[in-house]
Amino acid sequence: MLQVAFIRENKKDVVKQLAIKNFDASEIIDHILESDEKRRKTQNDLDNTLAQINVISKQIGELFKSGKAGEANDLKSKTTELKENSKRLNESLTNVEKELNNLLVKIPNTPHISVPSGKASADNEIISEEGSIPDLGENAKPHWELATQYDIIDFELGSKITGSGFPVYKDKGAKLQRSLINFFLDKAVEAGYKEIQPPVLINEASG
């Protein structure tokens with residue numbers, strides 16, 4: 001997810017790069033920056049209010065020690081107002097942060113500067129090719145039909161569980177998937193990487 005500071009400092013570049021993905025980010029980025037400005041102002045007001053409460057609380061303690069209970073009680077009524085204000089500001093801050101986060105998750109990551117603009121696979125640029133493309137003949141089947149024929153991948157069940165692009169691997173398909181994972185993990189370790197196993201679940205902040 002793009003960070004607000006990055007968007008604020010690179011607004012034009014972000015809009016330009018997302019246009020490569022055919023994503024018009026102009027309007028939503030304006031909303032993000034408006035929400036962020038509101039969030040920063042609310043946070044500043046809240047910080048100032050809490051600082052005033054701390055200062056006045058110390059003054060109240062000193063006045064009571066000095067026997068000036070009347071002045072101390074006058075200040076106590078002021079702290080009550082400030083505390084009510086801080087409560088409102090805190091609620092406003094929570095709301096605006098939620099609004100900002102809901103906007104941020106709608107923006108995709110920007111592509112690398114080298115990625116060409118395009119709307120379909122025909123717009124892809126071929127960087128290099130290795131070997132020759134085999135002639136599979138007229139009756140060749142695509143991989144998804146072969147997967148269904150041999151009952152090694154269940155695309156429909158995966159879509160029901162998670163969504164498009166997350167198939168369920170079965171039998172030899174599952175074994176092949178597991179073998180490939182182990183193969184690439186072993187290759188990564190050989191290349192000097194350290195293998196770790198993080199928690200399967202994450203919280204909103206780490207996500």
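The values are calculated or read from the model by the stated rules, or taken from the named source; none is laboratory data. What you are looking at is a predicted structure, and each value in this text was computed from that prediction instead of being measured. Cβ coordinates were reconstructed from backbone atoms using ideal geometry, including for glycine residues, and neighbour counts include every protein chain displayed. In case anyone asks, the SASA skips ligands and DNA or RNA and just uses the protein heavy atoms, side chains included. Shrake-Rupley method; radii C 1.70, N 1.55, O 1.52, S 1.80 Å.
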statement: Of the residues in region 120-161, those that are part of a helix (DSSP H, G or I) and among the small types (Gly, Ala, Ser) come to Ser121, Ala122, Ala147, Gly158, Ser159
- prompt: Of the residues in region 167-207, how many are open to solvent by 70 Å² or more (accessible area, probe 1.4 Å), in contact with a helix residue (DSSP H, G or I) (Cβ under 6 Å, 6 or more places away or on another chain) and outside any loop (DSSP other than H, G, I, E, B)?
  reply: 1
message: Are there helices (runs of 4 or more DSSP H) fully within region 1-113 with at least 1 residues that are in contact (Cβ under 8 Å) with a residue 12 or more places away in the chain, within 23 Å of the chain's Cα centre (by Cα) and over 30 Å from Asp123 (Cβ atoms)? List them.
response: 4-9, 26-65, 69-104
task: Would you tally the residues in region 92-116 being under 19 Å from Arg8 (Cβ atoms) and not basic (Lys, Arg)?
output: 14
field: Residue satisfying condition, being surrounded by 10 or more Cβ atoms within 10 Å (Cβ to Cβ), within 33 Å of the chain's Cα centre (by Cα), in a loop (DSSP other than H, G, I, E, B) and among the hydroxyl-bearing types (Ser, Thr, Tyr), within set Ser164, Ser117
entry: Ser117
Residues of region 124-151 classified as of a type in the set (Asp, Glu) and under 23 Å from Leu176 (Cα atoms), total: 2
